[in-house]
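First up is the structure itself, then whatever we jot down about it.
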Amino acid sequence: MNAASSARVHGELRAGEPMSRHTSWRVGGPAESFFRPADVEDLKHFLRGLDEDTHVFWHGAGSNLLVRDGGLKGAVISAAPILRELERLDRLRVRAGAGLTCTQLARQCIRWGLGPSEFFAGIPGTVGGALAMNAGAHGGETWERVESVQTIDRDGEIHLRAPAEYSVGYRHVVGPPDEWFLGATLCFDSDWTPSMEAMQDMLDRRKRTQPLGLPSCGSVFRNPPGDHAARLIEAAGLKGHRIGGAEVSPKHANFIINAGDASAADIEALIDHVQRTVRDVHGVELLHEVRIVGMPPE
């Protein structure tokens, strides 16, 4: 971004911002530039002022993200704080901003009597992250509820897109390049009565079975067809295995936790070790859900 354009933005623009402050693993090197827009107009202006060859990385809650210790080149945009709206449009539809947490979405939709929405409470992170990877929990998936999405492109232009414009699979979404989610219109079923008790049961189960409160990214690996990644990892004897400060959670084998002093390199090495071991023991290739970005340290 040229100096004249950067001087006109109203949000926070920082150089060398440590990404360890913005990921749930609490690791990650510096972002070359880190921008939090003041509003959508500020975001448009920032995007239009970027040089064509500047790499853009869209940051949400950082809950499904591993940033390598060498950090990120280009511009990191953290727009979640300005995209937290939730509006009921009619009897069955809501508009949710990409920065809204999935738990907030679930709670309010249940209050409105809209379902099935309870499963969103089982998804860590934001609506934008859930859209980007078709996140799901307890038998529900995000894109099953999507009627349309709103996106913004590198030129600061806003688009309204239909699900048919995306290829959506299990924890996998491909759409128009160089566009990022601003929000979505979600549609629920008329014959479904949501339950606050069911949602609370899901949250209680998470507390019992997952290492909540410790730095992690949630589930590291996708479940292979007909099986569970956690079962395969535990059966391979990997619970509690450590590399540096990274540890396979003794509570849930599909979680890798930062035990206090992990580097991103420790976590990535442990991810690789788990993949190799499960492949050697079970003949199954685990694919990771977590997004790994950035550069190794020099």
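Where a number appears in this text, it was derived from the coordinates with a stated rule and is not lab data. Since we're looking at a predicted model, the values are computed, not measured. Here the Cβ is made from the backbone with ideal geometry for all residues, glycine too, and neighbour counts use every protein chain on show.
For the chain, set up a GNM with springs between Cα atoms under 10 Å and report which of Gly60, Gly156, Gly283 has the largest fluctuation. The residue that fluctuates most here is Gly283.
In the distance distribution for the chain, Cα-Cα pairs more than 30 Å apart total 35 percent. For Asp178, the shell of other residues with beta-carbons less than 12 Å away shows a net charge of -4, using +1 for Lys and Arg and -1 for Asp and Glu. Note on the stretch 3-81: with charges restricted to the Cβ of Lys and Arg (+1) and Asp and Glu (-1), its dipole about the Cα centre is near 220 debye. When +1 charges are put on Lys and Arg Cβ atoms and -1 charges on Asp and Glu Cβ atoms, the dipole computed for the chain relative to its Cα centre reaches about 820 debye.
Radius of gyration (Cα atoms) of the stretch 3-81, expressed as a multiple of 2.2 N^0.38 Å: 1.05. For Ile292 and Glu147, the FRET efficiency from 1/(1 + (r/R0)^6), where r spans their Cβ atoms and R0 equals 45 Å, is about 0.90. A Gaussian network model of the chain, with springs between Cα atoms under 10 Å, assigns the largest mean-square fluctuation among Asp266, Asp51, Asp69 to Asp51. One chain, two ends: Arg26 and Asp178. Fully extended at 0.36 nm per residue, the span grows by 52.0 nm beyond their Cα-Cα distance. Looking at the stretch 224-295, the GluC sites (Glu not before Pro) that sit in a DSSP loop and have at most 15 other Cβ atoms within 10 Å of their own Cβ are Glu285.
Per residue of the chain, the DSSP helices (runs of n ≥ 4 H) give a summed -39500 (n - 2.57) that works out to -7000 deg cm²/dmol at 222 nm.
Rounded to the nearest 0.05, the FRET efficiency derived from the C-beta distance between Asp90 and Lys207 at R0 = 30 Å is 0.30. Taking 18 Å as the cut-off, the amide N atoms of the stretch 120-156 that come nearer than this to a point 7 Å along the Cα-to-beta-carbon line of Gln104 belong to 120-132, 150.
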